[in-house]
Structures are given as C-alpha cells and as structure tokens.
1. Using only Cα atoms, what Kirkwood radius does segment 181-309 have, in angstroms?
2. Roughly how many whole Å is it from the C-alpha centroid of segment 100-155 to that of segment 193-229?
3. Starting from the Cα-Cα distance between GLU63 and ASP170, subtract it from 0.36 nm times their residue separation and give me the gain in nm to one decimal.
4. What full-extension length gain, to one decimal in nm, is calculated for TRP162 and SER38 as 0.36 nm per residue of separation minus the Cα-Cα distance?
5. May I ask you to list the aspartates and glutamates whose Cα is less than 18 Å away from that of LYS85, ignoring any residue fewer than eight positions away on the same chain?
6. Going through the cross-link list LYS80/LYS216; LYS143/LYS181; LYS58/LYS135, which pairs have a Cα-Cα distance over 21 Å in this structure?
7. Order 57-67, 182-192, 223-233 from most to least packed using the mean count of other Cβ atoms within 10 Å.
8. Filter the chymotrypsin sites (Phe, Trp or Tyr not before Pro) in segment 65-118 to those in DSSP coil with at most 12 other Cβ atoms within 10 Å of their Cβ, and list the result.
Amino acid sequence: MERYFSFNRYLRQIFGERVHRISIDAGFSCPNLDGSISDKGCIFCNNLAFVQQYYDNKVSQLENVRRQIQDAINFYSNSKRFKIKKFIAYFQSYTNTYADVEKLESVYDVVKEFPQIVGISISTRPDCIDEEKLKLINSYTEKYLVWVEYGMQTSDDKILIWLNRGHSWDDFVNTIELTKKYPKINIGAHIIVGLPQQDIIKDAEEVGRLKLNGVKLHVLHILKNTYLEKLYNEGKIKILEENEYINEVCKFLENIPKDVVILRLVSSAKKELLLAPEWMNNKTKIILKINERLEQLNSYQGRNFSTNS
C-alpha cells in the first residue's frame, strides 16, 4: 500500500501509463545571481549539482532545448529497459520565467515539435511571474498538462532571509493567489526539509491553507562552492541524519491534504559536488524507509490535516 499520493500514481491516473519527465536547461539566468536582486544567490544553490550539462553555447537557445528533448526521447523510448512513450518537458535549471514573454514563448513552443510531449512543467521563483507570463503559460493547458513549480523553501520569513532568497513569504502567497486565477495551471512548491528552526508542521499547514496542488521535498544538503559550505565547515550548520529526515517527512505528509501530489520525496545531487549528507543519494532506500515508517505508525498522507486545517 502506498501511503502518499506519488507523482507516478498521479500521472498513471491521467495517462494510463508511465510518463517520464525530461529535465531541461534552457539557458535562463536568475535575478538572485545576476545582480538584479543579488549576485550571491541562495546560500544552498549550485545548479551544477543536479542538472546535466547539456547546454551548448555554440548553438542557439532554441536548438539547445530541441536537442535536449530529442536526446531524452531517443534514450527513454528506445531503451529496452524503459520503452517510455510519453514525456513531460521540465524546464528545471535556474529561473524559467526570467525573460520577456516573447522569449519565453519561443522557448516553450519547442515542445510543440514533439508529439510525445504531453506535459510542461516550469520551475521558477515567486518573484519572477506576472499576469502576462501566466496568460502565456495558461495557453498551453489546452493541449498539455501544465505545472508551475515555485521555490517556497519555507513559510518562515526569518529563514528566507537567512537563505538569502531575496523574496518574502508574502511574495510567495501573493504569487500563488495570482496563479490561482488560472485554475488549469497546477501549482507546485519546492520545500527544504531540515532548515534551522524550521517548523515543518506549520509549512505543511500552509500547503493546505493555500490549496497547492503538489510539493517537491528537498533535503537541506551541503554543496561545494556555496555559502552553506562555509557555514558547514565552520560548524555553524547541522544536517539531518537519515532517520531524522524520515521523521520530518512523515510529519509533513500527515499534515497536508491527501490529494496534494508528492512530486518528490527526497532530492539528490552529483556525488562529486555533494559534501553532506551522503545518505541522500540513496533515494530508493529512503523512499522505502518512509513508507515503512508510515506503516509502523499506521499513518498516511493527510492523517492529521482535518484537525490542523
């Protein structure tokens, strides 16, 4: 028995088969890196740790996106192991609404060249969206399953400042309310588990209060070439042990609505850039242990939501 609403189950309910998400580096930047907000970035951020280095500066932005999609489709559809026929184009790296509407449209439109693409997912910051961009994104909902994933991280403003996010909790809430004007757009939130002074149950309650469609969980981890690495080396930051993370995730799941899609339960990072914790890259093991812990507790996603909402 699966005790949470996994993304895989959600997609099978819609499409009746396995759907693979293609991670795309479309060459966008980030206002928290290019000086618009800051040139330091979030203290945890090193995009090189979780994206494939497909972007080729020798060809155009559109050709880069085209090649990444084609290469992924070729691999997953022709592989004897996978044989996948349907795909979601996931614009993952950096901030994928950080451009003018015309540029965004030209990039997103590349998916129309591939009939195997059935969905579009766009990862971005809550301060890089507006009405015109949402109108554009909404235009794809006629033919595609559409998700926008916003970096929430936490609902605590003090922690957001510590993370150097460059936006407030109110900014996030206002963006969610704006996005809800387009009900065909599914709204996801990225949340970090293991932040100092974090109240994970409060974060879960906010997910329910805002009626988000999905959540993606990240382990607070230490990557090379980040400010968080400096704090870790100075002994100023503690990283969760494996069992602590499992406990926090279970509490989170118990306190969100049962119909919130779990886009991911645990993050991973490239081994050569990851300093700690090493256990996070054994995703299959962690997911199994989360299910086992919920079973031991005779618990499940949404168990406590009605009492906390």
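Quick note: the coordinates plus some simple rules give every number you see, no bench work behind them. In this text the structure is predicted, and so the values were computed from the model without any measurement. Glycine also receives a Cβ, built like all others from the backbone with ideal geometry; neighbour counts cover every protein chain displayed.
1. The answer is 15.5 Å.
2. Rounded to whole Å, the Cα centres lie 23 Å apart.
3. Stretched fully, the GLU63-ASP170 segment lengthens by 34.8 nm.
4. Roughly 43.3 nm would be gained on extension.
5. GLU17, ASP71, GLU113
6. Flagged as over cut-off: LYS80/LYS216; LYS58/LYS135.
7. Ranking, from highest mean packing down: 182-192, 223-233, 57-67.
8. PHE82
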